[in-house]
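First the structure, in the form of structure tokens, and then the observations on it.
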Amino acid sequence: MGRTLAHNDIRLVYGAGKTGLMGALADGVLEVGGVVIGVVPVNLNTPQLIHGQLSQLEVVPDIHQRKARMIALAEAFIALPGGYGTFDELFETLTWAQIGLHQKPIGLLNIRNYFDPLLKMIDNAWIEGFIYPGHEKLLVVDQEPAALLTKLKEYQSPSDLERWVNRVEK
């Protein structure tokens, strides 16, 4: 994924970590000359956590400002397999799109069908009426990095998102 981003002149904006999948992603971007911007809250800005080769590092006061800054810097969002932090950031980004705070594409790189149970849960929420019609289109999914980037580039934000925010009481 990292090399694919860099080869498409897409800069990576992420939480600045050097370990795990996100560290490997940053390494992939940097190995082929891409740009990597890390955004980290001050309490996590430690040598054992922060990638040492970032193109740029921004330190912000707290995790909430980190998320807001990353959303402001990004042109699109891609969730890779992960845990609580991934789910938190994914759903916050989806929620911000749902209420009109951004209209940027949001993608899942569904490596080895990792997100299938989550996608099933989202489908169930839509079937049960907990996700407003049209909002199921807020999430773009693919198993291959290049195919996901193509889908994100072709993404069109649903035109009627404001219906959810501006609904009239009956």
(message) Looking at LEU94, LEU101, LEU161, can you tell me which residue is within 26 Å of GLY17 (Cβ to Cβ), surrounded by 15 or more Cβ atoms within 10 Å (Cβ to Cβ) and aliphatic (A, V, I, L, M)?
(response) LEU94
(message) Quick check on my filter: what residues within segment 42-86 are in a strand (DSSP E or B) and among the hydrophobic types (A, V, I, L, M, F, W, C)?
(response) ILE50, LEU57, VAL59, VAL60, PHE77, ILE78, ALA79
(message) Looking at ILE111, ILE131 in this structure, which one is modelled with pLDDT of 95 or more, hydrophobic (A, V, I, L, M, F, W, C) and outside the structural domain of ALA6 (by TED's automatic domain parsing)?
(response) ILE111
(message) With the requirement that a residue be of a type in the set (S, T, N, Q) and either over 13 Å from LEU161 (Cα atoms) or outside any helix (DSSP H, G or I) (or both), what does segment 87-132 give you?
(response) THR93, GLN103, ASN110, ASN113, ASN124
(request) Please work out if LEU94 is touching a residue at least 60 places away in the same chain (Cβ under 8 Å), hydrophobic (A, V, I, L, M, F, W, C) and within 27 Å of PHE130 (Cα to Cα). (result) no
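The values are calculated or read from the model by the stated rules, or taken from the named source; none is laboratory data. Note that the structure is a prediction, hence the values are computed from the model and not measured. Neighbour counts are summed over all protein chains in view; Cβ atoms, including those assigned to glycine, are modelled from backbone coordinates with ideal geometry.
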